[in-house]
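Peer 1: Let me give you the structure first, and then I'll get to my questions.
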Amino acid sequence: EADIYQTPRYLVIGTGKKITLECSQTMGHDKMYWYQQDPGMELHLIHYSYGVNSTEKGDLSSESTVSRIRTEHFPLTLESARPSHTSQYLCASSELRGGYTFGSGTRLTVV
Amino acid sequence: AQRVTQPEKLLSVFKGAPVELKCNYSYSGSPELFWYVQYSRQRLQLLLRHISRESIKGFTADLNKGETSFHLKKPFAQEEDSAMYYCALSDHNNDMRFGAGTRLTVKP
């Protein structure tokens, strides 16, 4: 079934560790996005991509980085996790026009 | 600059009562407006978009360019409508800007 998948669903990790949050979509969408959201709060765009080898930073400054080597894959990496990175991370994708399809999110806790 | 404002963080109504979630926007071009919904422990999902002019789960939203508003309405709220609702605006690149969200609680 065409969808967007995020793993892991929950992650608890120690300060200083390197982490990668995975996001893959099987809808053939060119555009993909990463949002940071504290539960029930505003969504903040941190990264987006219009296609392979295209990545841009969003409105909210983030220490994370992203890559887009394949159309379907848009992973987000934190080189050194800190407690301030504790949040929920949502991945989304879209066609050229129209609404976004969101993944289930990764809830990250850095201890 | 594009901006989406949802003036109410919390909204509570009784079952069967009408509900209106407010959304105002600012955008210099021709906007495309959306409503997204996030039920408890579910992913954020598209509810409706203004160009579709459709009713989803009894909800409708009309784009009022004069008042720059896109309020979400339902004549008779149900308990299962309790959720977080986000208004969003997309520009010509389909880059979406979201409002801060309104938490709707429908009481029995």
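Peer 1: Filter region B:91-108 for residues that are outside any loop (DSSP other than H, G, I, E, B) and among the charged types (D, E, K, R); which is nearest to the other protein chains (Cβ to nearest Cβ)? Spell out the reasoning first.
Peer 2: Here is the first cut: in region B:91-108, the residues outside any loop (DSSP other than H, G, I, E, B) are B:96-98, B:102-107.
Then keep just the ones that are among the charged types (D, E, K, R); that gives B:97, B:103, B:107.
Numbers: B:97: 8, B:103: 6, B:107: 18 Å.
This residue is B:103.
Peer 1: Let me spell it out: the conditions are (1) free of Cβ contacts under 8 Å to residues at least 60 places away in the same chain; (2) closer than 24 Å to residue B:32 by Cβ, and residue A:84 meets all of them except one. Which number is the exception?
Peer 2: Status for residue A:84: all satisfied but (2).
Peer 1: For region A:93-111, what are the residues that are facing chain B (nearest Cβ under 8 Å) and among the hydroxyl-bearing types (Ser, Thr, Tyr)?
Peer 2: A:94, A:100, A:101, A:104
Peer 1: Given the criterion in contact with a helix residue (DSSP H, G or I) (Cβ under 6 Å, 6 or more places away or on another chain), in a strand (DSSP E or B) and not small (Gly, Ala, Ser), identify the matching residue among B:33, B:11, B:48.
Peer 2: B:33
Peer 1: I'd like to know if region B:7-18 contains one or more residues that are within 14 Å of chain A (Cβ to nearest Cβ), touching a residue at least 40 places away in the same chain (Cβ under 8 Å), hydroxyl-bearing (Ser, Thr, Tyr) and surrounded by fewer than 17 Cβ atoms within 10 Å (Cβ to Cβ).
Peer 2: No, that holds for no residue.
Peer 1: Can you run down the residue pairs with Cβ atoms below 8 Å, 6 or more apart or on separate chains, where the first is in region B:39-66 and under 17 Å from residue B:102 (Cβ atoms) and of a type in the set (Val, Ile, Thr) and the partner is at pLDDT 90 or above and open to solvent by 70 Å² or more (accessible area, probe 1.4 Å)?
Peer 2: Going by the 8 Å Cβ cut-off, the qualifying pairs are B:60/B:73.
Peer 1: Return the only residue of B:54, B:80 being more than 10 Å from chain A (Cβ to nearest Cβ), over 19 Å from residue A:103 (Cα atoms), open to solvent by 10 Å² or more (accessible area, probe 1.4 Å) and assigned to a loop (DSSP other than H, G, I, E, B).
Peer 2: Values: B:80 fails: assigned to a loop (DSSP other than H, G, I, E, B).
None of the others qualify; the one that does is B:54.
Peer 1: Filter region B:19-30 for residues that are over 17 Å from the mean Cα position of the chain (by Cα) and open to solvent by 60 Å² or more (accessible area, probe 1.4 Å); which is modelled with the highest pLDDT?
Peer 2: B:28
Peer 1: Before we move on, is residue A:89 within 11 Å of chain B (Cβ to nearest Cβ), open to solvent by less than 70 Å² (accessible area, probe 1.4 Å), aromatic (Phe, Trp, Tyr) and on the phi < 0 side of the Ramachandran plot?
Peer 2: no
Peer 1: Still on this structure, I have one more. Output the residues belonging to region A:52-109 that are assigned to a loop (DSSP other than H, G, I, E, B) and within 15 Å of residue A:7 (Cβ to Cβ).
Peer 2: We begin by selecting, within region A:52-109, every residue assigned to a loop (DSSP other than H, G, I, E, B); these are A:52-53, A:58-64, A:67-69, A:71-72, A:74-75, A:79-82, A:86, A:95-100, A:103-105.
Within region A:52-109, A:72, A:74, A:75, A:103, A:104, A:105 meet the criteria.
Peer 1: Another question, if that's okay. Among the numbered conditions (1) under 14 Å from the mean Cα position of the chain (by Cα); (2) open to solvent by 60 Å² or more (accessible area, probe 1.4 Å); (3) within 11 Å of chain B (Cβ to nearest Cβ); (4) touching a residue at least 12 places away in the same chain (Cβ under 8 Å), tell me where residue A:39 comes up short.
Peer 2: Residue A:39 satisfies all of (1) under 14 Å from the mean Cα position of the chain (by Cα); (2) open to solvent by 60 Å² or more (accessible area, probe 1.4 Å); (3) within 11 Å of chain B (Cβ to nearest Cβ); (4) touching a residue at least 12 places away in the same chain (Cβ under 8 Å) except (1).
Peer 1: Can you name every residue in region A:48-86 that is surrounded by 15 or more Cβ atoms within 10 Å (Cβ to Cβ) and within 12 Å of another protein chain (Cβ to nearest Cβ)?
Peer 2: The answer is A:48, A:49, A:50, A:58.
The values are calculated or read from the model by the stated rules, or taken from the named source; none is laboratory data. Values in this document were obtained by computation on a predicted structure and should not be read as measured data. Using ideal geometry, Cβ is built from the backbone for each residue, glycine included, and neighbour counts are taken over all protein chains shown. To get the accessible areas, we keep the full protein, side chains included, count just its heavy atoms, and leave off ligands, DNA and RNA. Shrake-Rupley method; radii C 1.70, N 1.55, O 1.52, S 1.80 Å.
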